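The values are calculated or read from the model by the stated rules, or taken from the named source; none is laboratory data. Bear in mind the structure is a predicted one, so any value in this text is a computation, not a measurement. Reconstructed Cβ throughout: ideal geometry from the backbone, glycine too, with neighbour counts over all protein chains shown.
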């Protein structure tokens, strides 16, 4: 099945439900103070770029980039619908975000993901795509429930 990637339409009634499911998946993995997924309002902030991947008539994946400082952005809201995992959609979304950032002159992308086994596939995806472990960045601090990764685009 093919997936079409486009900028998010915040008027799409499926989007809040998709993001709420993301939060529901993540909630049992770490305590509230260690949960860093953004809700829909944060994703509407100026400068944030949210994409959705659509397959047939369903939202299949999301991915966002948020500015940290000039030339440095954070990867946010990576999610693939459980019913379509394993089809390469996450890889396509990540490649799309990296290409977009590169075209805009961004030189570094960093991310926070969980340290629990639930996040192992995500950590492998990021590592295969050139992300390496790093120290906490932005407003993050040391947290045993978080792994931090970064990738240079230069």
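Looking at the range 31-47 only, could you name the residues that are in contact (Cβ under 8 Å) with a residue 24 or more places away in the chain, part of a loop (DSSP other than H, G, I, E, B) and under 21 Å from residue 17 (Cα atoms)? Matches in the range 31-47: 36, 37, 38, 44.
Residues checked against (1) free of Cβ contacts under 8 Å to residues at least 60 places away in the same chain; (2) surrounded by fewer than 16 Cβ atoms within 10 Å (Cβ to Cβ); (3) under 30 Å from residue 58 (Cβ atoms):
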{"position": "92", "(1), (2), (3)": "no, no, yes"}
{"position": "95", "(1), (2), (3)": "yes, yes, yes"}
{"position": "105", "(1), (2), (3)": "yes, yes, no"}
{"position": "124", "(1), (2), (3)": "yes, yes, yes"}
{"position": "149", "(1), (2), (3)": "yes, no, yes"}
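Identify the single condition in (1) part of a helix (DSSP H, G or I); (2) surrounded by fewer than 17 Cβ atoms within 10 Å (Cβ to Cβ); (3) in contact (Cβ under 8 Å) with a residue 24 or more places away in the chain that residue 19 does not satisfy, given that it satisfies every other one. Status for residue 19: all satisfied but (2). With the structure loaded, tell me whether residue 110 is touching a residue at least 12 places away in the same chain (Cβ under 8 Å) and over 15 Å from the mean Cα position of the chain (by Cα) or whether it fails that test. Judged against the criteria, residue 110 is not a match. Looking across the range 47-96, the residues that are out of contact with any strand residue (DSSP E or B) (no Cβ under 8 Å at 6 or more places or on another chain), at pLDDT 95 or above and more than 17 Å from residue 2 (Cβ to Cβ) come down to 69, 70. Annotation note: of 100, 25, the sole residue that is loosely packed, with under 14 Cβ neighbours inside 10 Å, in contact (Cβ under 8 Å) with a residue 24 or more places away in the chain and either within 16 Å of the chain's Cα centre (by Cα) or not in a helix (DSSP H, G or I) (or both) is 25.
How many residues does the range 38-64 hold that are crowded, with 18+ Cβ neighbours inside 10 Å and under 27 Å from residue 142 (Cβ atoms)? The total comes to 5. Considering only residues in the range 68-84 that are more than 18 Å from residue 17 (Cα to Cα) and surrounded by fewer than 20 Cβ atoms within 10 Å (Cβ to Cβ), the one that is farthest from the chain's Cα centre (by Cα) turns out to be 70. If we scan the range 48-59, do we find a residue that is touching a helix residue (DSSP H, G or I) at 6+ places or on another chain (Cβ under 9 Å), assigned to a loop (DSSP other than H, G, I, E, B) and either over 30 Å from residue 105 (Cα atoms) or touching a residue at least 24 places away in the same chain (Cβ under 8 Å) (or both)? Yes: one or more hits.
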